[in-house]
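Novice: Pasting a structure here, questions to come.
The values are calculated or read from the model by the stated rules, or taken from the named source; none is laboratory data. All values reported here derive from a predicted model rather than from experimental measurement. No Cβ is skipped: glycine too gets one built from the backbone with ideal geometry, and neighbour counts run over all protein chains shown. Keep in mind that these areas ignore ligands, DNA and RNA; they rest on the heavy atoms of the full protein, side chains included. Shrake-Rupley method; radii C 1.70, N 1.55, O 1.52, S 1.80 Å.
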Amino acid sequence: DTMVTAGEVLKAIGEHKASIVGIDVVGVGAGVADRVREMIGLLEIECTVFEINGGSSASDPKKWVNLNAEMADYVRKKIEEREVPLPDNEILKEDLTFRKYRILSDRRFMLEKKEDFKKRMKRSPNYGDAYMYGLWVLQFARDEIMHKETKVDHFRDNDKQETSYMAS
């Protein structure tokens, strides 16, 4: 149910004081994103809705077939470089490690389609997708935080030599 899902997203935004939220907008998710964006406006919540469409174009189409491939490659690098933790969850680990990929003849990275994973594994890679989307959006949240810190700098107490966007 679109409205129930939108309500759960809004609840999570409130509980975590999120400044950005990523929503998969393929299929039913488009309605969820629209409703969340509408409610954020009505409730005057400071949060950006970041739409994720894995089939859309990658930032560099010469490297990745689509955004899904770019996000998967981004997450792989973050895990390999030990910049992010890999939670101790077997389903998540399966989703991230059992999803196949190919390097095409033009050297672009292509991630296995979700439908093919579902046929092979008899389930959807929901945990892996959620982890991938979360890490992907997190880089944009950091940009938002840096933007907020810059704003607060203008109101710094000159007697104190520290700055925090969380200062009350």
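Novice: What is the packing order of peptides 69-79, 3-13, 112-122, taking the mean over residues of other C-beta atoms within 10 Å and listing the highest first?
Specialist: Those peptides, ordered most packed to least, come out 69-79, 3-13, 112-122.
Novice: Of all the accessible heavy-atom surface of the range 41-103, with the other protein chains kept in place and a 1.4 Å probe, what percent is carbon and sulfur?
Specialist: Of all accessible area on the range 41-103, carbon and sulfur atoms account for 51 percent.
Novice: Let me ask you something else. Given labels modelled 7 Å from the Cα in the Cβ direction, how far is it in nm from Ile91 to Lys118?
Specialist: 1.6 nm
Novice: Filter the cross-link list Lys77/Lys114; Lys63/Lys100; Lys17/Lys93; Lys63/Lys114; Lys77/Lys100 down to pairs whose alpha-carbon distance in this structure exceeds 24 Å.
Specialist: Check vs 24 Å cut-off fails for Lys17/Lys93.
Novice: Quick check: pseudo-label points 7 Å beyond the Cα along Cα→Cβ at His16 and Lys77, how many nm apart are they?
Specialist: It is 2.3 nm.
Novice: Evaluate the charge dipole of the range 50-147 about its Cα centre and quote only its size in Debye, nearest 20, assuming +1 on the Cβ of each Lys and Arg and -1 on the Cβ of each Asp and Glu.
Specialist: 540 debye
Novice: Excluding Asp24 itself, what net charge comes from residues whose Cβ is under 10 Å from its Cβ, given Lys and Arg +1 and Asp and Glu -1?
Specialist: Local net charge: -2.
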